[in-house]
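Following: one structure in structure tokens, then a few remarks.
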Amino acid sequence: MTKYYAEPFKIKMVEPIKVLSREEREEKIQKANYNVFALDSDDVYIDLLTDSGTGAMSDQQWGGVMMGDEAYSGSRSFKRLMESAKDIFGYEYFQPVHQGRAAEKVVMPMYLEKGKVAISNMHFDTTRAHVELAGARAIDCVIKEAQDTVNYHPFKGNMDNERLVTLIEKYGPEKVGLIIITVTNNSAGGQPVSMENIRETSKIAAKYNIPVCIDAARYAENAYFIKQREEGYADKSIKEIAREMFSYGEIFTMSAKKDAIINMGGLIGIKKDTALYETVKARTIPLEGFISYGGLAGRDLEAMAIGLQEGTNFDYLQYRIGQIEYLAAKLDKAGIAYQSPAGGHALFIDAKKMLPHIPYYQFPAQTLALELYKEAGIRSCDIGSYMMGNNPDTGQQIESEFEFTRLAVPRRVYTQSHLDVIVEALIAIKERADQLNGYEITWEPPILRHFTAKLKPL
Ligand SMILES: *Cc1c(COP(=O)(O)O)cnc(C)c1O
């Protein structure tokens, strides 16, 4: 088992959380119509809904907030962000924006239009949405090992480069507007992409003259996995690995709410093409604001400049990924199945294995998420049939290949004791799993139903 590394920080400020009684939780979740998104966060003990924007900033970052330069143009904080980003990514130009999807809103229409396609190892939901809003179509091209939750593969987030070539030949290179490499591969469970794979993808892209965009939300976690698992990288620093990764793209879009450990923010990076940068600037001004703030306050830029550096700290990453590995090792011992190996930011519990008697149309992963709340006030979410929704043509419930209950771990927020509570709750649920019943939907909107649907227990 992997050694667990204790928090490389001590606690200077705390945010109290409260534990409701089981009866209170039963009442709250019923009032929320058995939808975790409808719960008040005050009624949640351990919140594992997402790792996005939920991290804890450091004293350095909070200090930086006070030092933020709020000038409309030429802000000192903007300059600090440019220096910090250049140091990590090795690119020439950067444009701050208010979050990851804002970067996508600026960048995707520069490459994509009706009749074109974008090919990615896997598009994140908002990336797919912006590809489609630009009029194009999004094609996922992850290796088939990503579908296998049991067998080990060090880089389950990889692009299937053989299939990539087939797809380019099929659509014609002029139709492929963009190749997007998502690191880590969020939708495949925070699974990393190897340097060899990124290099190969970029070679294929160059051969067909197709630009490469890196979706960089969890680039530091990806670099950590490369350092741990890929030959030739053990002695390289996280920043050296990051610089090599980014050298294979011409542009990147990034949600800074993940590895830059800030609560709101995003970034676009342009390797060196000045004309490209001019286009990014011209598009950002009407959409996000003037180039030296891009939808953020000066203090946010300052916090991002510092958070980018902290996110690449090896001790921090070792602790961060170590938390997920700690959870995974405890679940191994308890015989609880999850998407293996554990990814960077979350653990995906295999609810199909824990609740085999609950059919997909009664939502086993949602059932487990609700049970975790009732058991210990833990908020997680369904990544399974409940989230997939209905087939738009037939109106029939889609049967998802997987029924995952996702436990996303915020950065620097919870301690090992919190992780133990999570494990104990899962074990308690497993012991009475055969007595659990599924749920049915009593009301649902036509799209993205999982956020607002109402359910009732069967
Ligand atoms: C979170 C995320 C985004 C979107 O970022 P927001 O800041 O939520 O708008 C895009 N791509 C990936 C891979 C992400 O994880």
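Things to note:
- Sequence-distant aspartates and glutamates (8 or more away, or on other chains) whose Cα lies within less than 12 Å of K272: E92, E250
- A crude spin-label estimate for the pair E440 and I11, with each label 7 Å from Cα along the Cβ direction, gives 4.4 nm.
- In terms of distances greater than 28 angstrom between alpha carbons, the cross-link table entries K86/K144; K12/K156; K18/K257; K86/K236 yield K86/K144; K12/K156.
- Nearby aspartates and glutamates by direct alpha-carbon distance to K227 (threshold 14 angstrom, same-chain neighbours under 8 apart not counted): E196, D235, E240, E244, D315
- Listed by chain and number, the lysines placed with their C-alpha closer than 16 angstrom to that of K175 are K114, K116, K207; residues fewer than eight positions away on the same chain are left out.
- Under the combined filter of DSSP loop state and at most 10 neighbouring Cβ atoms within 10 Å, region 89-198 retains these trypsin sites (Lys or Arg not before Pro): K114.
- Normalised contact order of the chain, rounded percent, pairs of Cα under 8 Å and 6 or more residues apart: 23
- The chain: angle of helix 100-111 to the longest principal axis, Cα-based, in degrees nearest 10: 50
- Cα gyration tensor category, rounded, prolate or oblate, for region 59-310 with a/c compared to 1.5: oblate
- Longest stretch of the chain clear of exposed loop sites (chymotrypsin sites (Phe, Trp or Tyr not before Pro), DSSP loop, at most 11 other Cβ atoms within 10 Å, sites excluded): 153-458.
- Test item: Cα-centred dipole of region 1-110, Lys/Arg +1 and Asp/Glu -1 on Cβ, debye: 300
- Summed residue charge, Cβ within 9 Å of M195's Cβ, Lys/Arg positive, Asp/Glu negative: -2
- Most positive-pole-ward Cα, T184, P154, V117, against dipole of region 107-184 from beta carbon charges: V117
- Electrostatic dipole magnitude of region 326-458 [Cβ: Lys, Arg +1; Asp, Glu -1; Cα centre; debye, to 20]: 420
- FRET efficiency for A71 and N313, using Cβ-Cβ distance with R0 set to 41 Å, rounded to 0.05: 0.90
- Shape category assigned to region 163-280 from the gyration tensor of Cα positions, a/c cut at 1.5: oblate
- Unit charges at the beta carbon, dipole of the chain: most positive-side option, T166, L407, I441: T166
- Difference of contour (0.36 nm per residue) and Cα-Cα distance, D59 to Y152: 29.6 nm
- With the simple spin-label model, which puts each label point 7 Å out from Cα in the Cβ direction, the Y361 to R22 separation comes to 3.2 nm.
- Remark: the D125-A334 segment gains 72.0 nm on full extension, using 0.36 nm per residue and subtracting the alpha carbon distance.
- For the chain, the spread of Cα positions along the three principal axes, ordered from largest to smallest, is 62, 55, 44 Å.
- Nearest-ten-degree value, helix 76-89 long axis tilted from longest Cα axis of the chain: 80
- Note on the chain: with charges restricted to the Cβ of Lys and Arg (+1) and Asp and Glu (-1), its dipole about the Cα centre is near 520 debye.
- In Hz, Karplus ³J(HN,Hα) per residue of region 236-244 (6.51, -1.76, 1.60; θ = phi - 60°; x = Gly, Pro): 8, 7, 4, 5, 4, 5, 4, 4, 5
- Net charge of Cβ neighbours under 14 Å - reference F78; Lys, Arg +1; Asp, Glu -1: 0
- The long axis of helix 298-311 is offset from the longest Cα principal axis of the chain by roughly 80 degrees.
- Label zone (V165, point 7 Å along Cα-to-C-beta; backbone nitrogen cut-off 18 Å) within region 190-208: 196-208.
- Anisotropy class of region 236-319 from Cα gyration tensor, a/c 1.5 cut: oblate
- For region 124-231, averaging the sequence separation of C-alpha pairs within contact (under 8 Å, six or more residues apart) and dividing by the residue count gives a relative contact order of 26 percent.
Any read-out appearing in this document is the output of simple, stated calculations on the displayed coordinates, not a laboratory observation. Keep in mind that this is a model prediction, so the values were computed, not measured. Neighbour counts are summed over all protein chains in view; Cβ atoms, including those assigned to glycine, are modelled from backbone coordinates with ideal geometry.
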